[in-house]
Structure formats: C-alpha cells, structure tokens
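One structure below.
The values are calculated or read from the model by the stated rules, or taken from the named source; none is laboratory data. What you are looking at is a predicted structure, and each value in this text was computed from that prediction instead of being measured. Using ideal geometry, Cβ is built from the backbone for each residue, glycine included, and neighbour counts are taken over all protein chains shown. The protein model used for the area step is the full one, side chains on, heavy atoms only, and it has no ligands, DNA or RNA in it. Shrake-Rupley method; radii C 1.70, N 1.55, O 1.52, S 1.80 Å.
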Amino acid sequence: MKPIEIKNLKFGYTKDRLILDDVSLSFEPDTITSVLGPNGSGKTTMLKLILGLMKPASGEIHILGTEIKEIPLRERAKLLAYVPQKHNAVFDYKVLDVCAMGRAAYSGVFSSASKKDLEIAMESLDKMRIAHLAEKPYTQISGGEQQMVLIARALAQQAKILILDEPVTGLDYGNQIRLLKTLRDLAKEGITCIKTTHYPEHALWTSGHAVFMRNGKLLASGKTSDIVNSENLRAIYDTEIKVISRPIDQNSVSTCVPLF
C-alpha cells in the first residue's frame, strides 16, 4: 500500500489559472522523496492539499488507502506530521513546551502535556541535537534553531508520514547536513519523508525518489538516480547544471555543478 496517492489533482484560485493541473502521483513507503521545481511550480500547494489544509478543485487524495476526507482530523494528525517553511513565533513558550505540542493528537488540544508527552518531546529534541535548548524561550532562539524545534515537534507527533516544506530554510550548512542525515535515519526506521527543496544535490545525497514539477504540472517522477540528471535540471531550471559522480570511500557520490 502506498503511503500517499493523488489522482487527477487540480487546484486554482480562479478557473483561468490552475496552480496544479491534473497531477497524478504516488509516494513510496519508508524512503525520502524530494519534490523539486522553480518557485511557483505548485510544490507547496500540493503539500497543503495532501495535508487537507486546502481542498482541491477536483481529484482524489488517498492516505494509506483511505480518501483523506474520510479521515477524522485527530486520526489524520497521527498519520501526517507537517513542518512548514515559515513560522511566526508569538507566545514565549519554552522550547520543550513547543515540542510537546506535537502530542496534541494524543492528549487533546487543551490538555496539559503528560509526563510521557514531555519525555517523547525531549527525545525528539535530543534526536535533533537541540536538547540543550529545552528550557529556553522559543521566541529568543535563532530562526534556524526555531526551524529545528518545529522539526522536533513533528517527530514528537510520531506520525507515519513526515511532510516538510523546504526544511533547510534558515539552517547553517552544518545543521542542513545533520537534518538530511536525520531524515535518512528516519526513513530507515520506517517513516515516509516527503520534502520540497530547491537543492537537487540534497535529493541526490539523501532521497530514494524524486519528483519534478513546473507550472503546476508533473514533469517526472521516479528513482532519484534516474531522474535527477543534467537534462532534466536544464528543462526545469532553464540553466546548465552538470551532475557528476565520484568514488569516495568505496561509495559513488553524486552532486550538482552549475556551468557559468
């Protein structure tokens, strides 16, 4: 059973301009899928439709075989965890309390976090290597640290599917690499990870599968090693990018090099 299947998905704010135009796609289980494409290609819109945050004009979305509109919100939160691209902090909650909010699907929105909830939240912070921030006010840490907390909050949700919209936004290079490694470890643990990204090299480094979108249409999907190539990158981004592979420590490592 596929974690997520979308069929003939269409969405637009007006009838004259579709943001998503007849997209059909399925995501593979227990792996990382990177969704790539230029700004305005429909990546974030597709994620929000999958999460049920917006309703499609037409088409179907199935989560683990069940159409999304048939899944109650609380049960949906146990299946899908979401890390948005941007988040405006308002209240001066402690980092641990923000992370524990990921347990709301289990304890209720207005219930206090239980001892177990706090333990799971702390474990999630530790997995993201930010346990030292637990007692700090969320509004007084850096934007990059806030992003790491939101990812920890999603992990505390213990959902089967983790959806991230450009998760490396605001992270320094070291934290970007640590995040990618964490996602790879989660996929090995049986969690399906779906992320949008502007970095095709990140897809090459970590993703089992990739999806290319442009102007609301699906252009390609499949194994990352098959479709993240120089030809497709040129078609998507209108620029010359060379994909090169080199042996490093008995492994073949691929990355992207722009041709200026």
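For residue 161, the test of being touching a strand residue (DSSP E or B) at 6+ places or on another chain (Cβ under 9 Å) and β-branched (Val, Ile, Thr) is passed. Those helices (runs of 4 or more DSSP H) of the range 167-260 in which 2 or more residues are under 18 Å from the mean Cα position of the chain (by Cα) and not acidic (Asp, Glu) occupy 173-188, 200-206. So in the range 1-46, with the set limited to residues that are acidic (Asp, Glu) and not in a strand (DSSP E or B), which one is nearest to residue 180 (Cα to Cα)? So, considering only residues that are acidic (Asp, Glu) and not in a strand (DSSP E or B), the one nearest to residue 180 (Cα to Cα) is 30.
Among the residues of the range 34-46, those that are among the β-branched types (Val, Ile, Thr) and open to solvent by 10 Å² or more (accessible area, probe 1.4 Å) comprise 44, 45.
State yes or no: is residue 256 open to solvent by less than 50 Å² (accessible area, probe 1.4 Å), in contact with a Pro (Cβ under 9 Å, 6 or more places away or on another chain) and modelled with pLDDT of 90 or more?
Yes.
For residue 64, state whether it is of a type in the set (A, V, I, L, M) and without any contact (Cβ under 8 Å) to a residue 40 or more places away in the chain. Considered against the rule, which asks whether it is of a type in the set (A, V, I, L, M) and without any contact (Cβ under 8 Å) to a residue 40 or more places away in the chain, residue 64 comes out as no. Restricting attention to the range 158-178, which residues are buried (at least 23 other Cβ atoms within 10 Å of the Cβ) and either in contact with a Phe, Trp or Tyr (Cβ under 6 Å, 6 or more places away or on another chain) or without any contact (Cβ under 8 Å) to a residue 40 or more places away in the chain (or both)? Answer for the range 158-178, where residues must be buried (at least 23 other Cβ atoms within 10 Å of the Cβ) and either in contact with a Phe, Trp or Tyr (Cβ under 6 Å, 6 or more places away or on another chain) or without any contact (Cβ under 8 Å) to a residue 40 or more places away in the chain (or both): just 163.
Here residue 240 clears all of (1) surrounded by 15 or more Cβ atoms within 10 Å (Cβ to Cβ); (2) free of Cβ contacts under 8 Å to residues at least 60 places away in the same chain; (3) closer than 28 Å to residue 20 by Cα except the condition numbered (1).
Residues in the range 202-229 that are surrounded by fewer than 21 Cβ atoms within 10 Å (Cβ to Cβ), closer than 20 Å to residue 164 by Cα and hydroxyl-bearing (Ser, Thr, Tyr): 221 only. Within the range 183-194, the set of residues being open to solvent by 20 Å² or more (accessible area, probe 1.4 Å) and not acidic (Asp, Glu) comprises 184, 188, 190, 191. Is at least one residue of the range 12-26 open to solvent by less than 30 Å² (accessible area, probe 1.4 Å) and of a type in the set (Phe, Trp, Tyr)? The answer is no; no qualifying residue exists.
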